[in-house]
Amino acid sequence: MEKTDILSLSLSELETLLVEQGEKKFRAKQIFQWLHTKRVFDFDEMTDISVQLRQRLKENFCTKGLFVQKRLESAMDNTVKYLYRLSDGNYVETVLMEYNYGHSICVSTQVGCKMGCRFCASAIAGYVRSLEPSEILMQIYETERDAGVRASGIVLMGIGEPLDNYDNVIKFLRLISDKDGNNLSLRHVSLSTCGIVPRIYDLAELKLQLTLCISLHSADNDKRSEIMPVNRTYNIDELIKACRYYIDRTGRRITFEYAVIDDVNSSDADADRLAALLRGLNCHVNLIPVNKVKERNFRTARSGVADFAKRLEKRGINATVRRTLGSDIEAACGQLRRDAADQGRNGGADN
Ligand code: SAH
C-alpha cells in the first residue's frame, strides 16, 4: 500500500485518518504540531508519542523531503537562490530575499509551466507536473532551516502558474496559515497569476486575505496575446472584469505586474492604454525591469522603468518600481531548472 504524504494533509484530514486507524483524535494535533511548528519530520523524534504509534505512523505515512541541489548566494544583496531536487528527481527553484523588514520566500508551484509567456525562462524547459501541497510547503520549511531564518512573507511567483494547480495551492495556503501549525497570516502572502479567469472567480469566493497579483504586461490585446498566449483564451476585458469582481467580493486591492520591455510595451500609447484600463480600479501597479533570459532578446533600457513610471504618473496612475534582487545569480525564475534540465539531457556531461 502506498504511504500517505502526511505533510499534504490538513489537521482535520489527519484526525479523520488516525481515528479510522483506531487512534485518539488528539494525537493528530500533536503530530501536526511536530511537523508544522517544531519542523520535526522523523516520526522517531516525536517523543511524546508512543513507540507503537510511531511505528504505525512509519508504516502508513511518509514525508517527502527536498534536497538542496544548488545554492547560489548573491554577493550584492543577500538573496539566496535554491535549486531543489524533489523525491522523483525533478527540480524546482526557490528564492530567499532579504528586505529591511524581514525575509520573503518565493516558491514554485509546478515543475515547469504550460503558459508559454515569451519572456519567461520557466516556459523554456517545458512542463512536467504540478507540485503537491507538501512540496510547496517544504520549499519554505527547508529554506528556513537552511538559512536559519523565519520568513515574514511568502510569494507564489516562482516556476509555474499557481491557478493551474488550484486545489493544491489552496491546500498549501490553508496549511501555511493554520493556527495549530505554521500560523502565517495570509496578509503576508502574494499569489501571482498570468490570468486564469475562471479560477480568479473561484478564489474571490474564498475571500482569503492574500494579495492577488496579475501579470498584465500589456493593456493591448494583440500585444498581450503575442507575449502571453493565455490572453488568447482569456482576453484583457474578461480579465479586468474578473479583477473587478475579485476586488468587490474580497474588498482587497489587486496588484498589476508590468515588466517594462523596450519596443514592446513602454511607449506613450502603451501608458495611455494602461491608464485607461485601470482608471477607477482599486489597484496598484508594480513595474519590473525585464530579466534577461539568454534564449530571448527582450530588454529594458537603464532608464526604461523610471521613464514609464513617469508616463503613468502623468496619467494619474501611481506605480512602484520593484527592486531587482539577486541579479548576479540568475534569480529570474526558471533559469536554474532550465540549466539543470539541459544538463540532464546531455547526460550531465558538462557538470
Ligand atoms: N505564473 C505566474 C507566477 C510566476 S512568474 C504569473 O504569471 O504571474 C512571476 C512574475 O515574473 C510574473 O509577473 C511574470 O510575468 C514575471 N516574469 C517572468 N519572466 C520574467 C522576466 N524575464 N523578466 C521580468 N519578469 C518576468
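The values are calculated or read from the model by the stated rules, or taken from the named source; none is laboratory data. What you see is a predicted model; the values in this text were computed from it and never measured. Heads up, the Cβs are rebuilt from the backbone with ideal geometry, glycines too, and the neighbour counts pull from every protein chain shown. Keep in mind that these areas ignore ligands, DNA and RNA; they rest on the heavy atoms of the full protein, side chains included. Shrake-Rupley method; radii C 1.70, N 1.55, O 1.52, S 1.80 Å.
Selection within segment 104-129: residues that are outside any loop (DSSP other than H, G, I, E, B) and in contact with a strand residue (DSSP E or B) (Cβ under 6 Å, 6 or more places away or on another chain). The member of this set that is farthest from ARG338 (Cα to Cα) is SER104.
Output yes when any residue across segment 4-23 is under 30 Å from ARG323 (Cα atoms) and either touching a residue at least 40 places away in the same chain (Cβ under 8 Å) or out of contact with any strand residue (DSSP E or B) (no Cβ under 7 Å at 6 or more places or on another chain) (or both), and no when none is. Among the residues of segment 4-23, not one is under 30 Å from ARG323 (Cα atoms) and either touching a residue at least 40 places away in the same chain (Cβ under 8 Å) or out of contact with any strand residue (DSSP E or B) (no Cβ under 7 Å at 6 or more places or on another chain) (or both), which makes the answer no. Filtered by the rule that a residue be in a helix (DSSP H, G or I), touching a residue at least 60 places away in the same chain (Cβ under 8 Å) and within 12 Å of the ligand (Cβ to nearest atom), segment 202-249 gives ILE227, PRO229, VAL230. Answer yes or no: is there a residue in segment 185-194 that is in contact (Cβ under 8 Å) with a residue 40 or more places away in the chain and not in a strand (DSSP E or B). Yes, because at least one residue in segment 185-194 is in contact (Cβ under 8 Å) with a residue 40 or more places away in the chain and not in a strand (DSSP E or B).
Residue-by-condition table, conditions (1) at pLDDT below 80; (2) in a strand (DSSP E or B); (3) β-branched (Val, Ile, Thr):
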residue	(1), (2), (3)
TYR258	no, yes, no
LEU274	no, no, no
ILE317	no, no, yes
ALA331	yes, no, no
ARG337	yes, no, no
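On the basis of being free of Cβ contacts under 8 Å to residues at least 60 places away in the same chain, part of a loop (DSSP other than H, G, I, E, B) and more than 14 Å from PRO162 (Cβ to Cβ), does ASP88 make the cut? For ASP88, the condition - free of Cβ contacts under 8 Å to residues at least 60 places away in the same chain, part of a loop (DSSP other than H, G, I, E, B) and more than 14 Å from PRO162 (Cβ to Cβ) - is met.
For (1) open to solvent by 40 Å² or more (accessible area, probe 1.4 Å); (2) closer than 22 Å to LYS3 by Cα; (3) in the same structural domain as ILE170 (by TED's automatic domain parsing), each residue gets a yes or a no:
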position: THR37; (1), (2), (3): yes, no, no
position: LEU57; (1), (2), (3): no, yes, no
position: LEU72; (1), (2), (3): yes, no, yes
position: TYR82; (1), (2), (3): no, no, yes
position: ILE105; (1), (2), (3): no, no, yes
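For segment 118-162, the set of residues classified as open to solvent by less than 20 Å² (accessible area, probe 1.4 Å), among the hydrophobic types (A, V, I, L, M, F, W, C) and near the ligand (Cβ under 8 Å from one of its atoms) consists of ALA121, LEU156, ILE159, listed by residue number.
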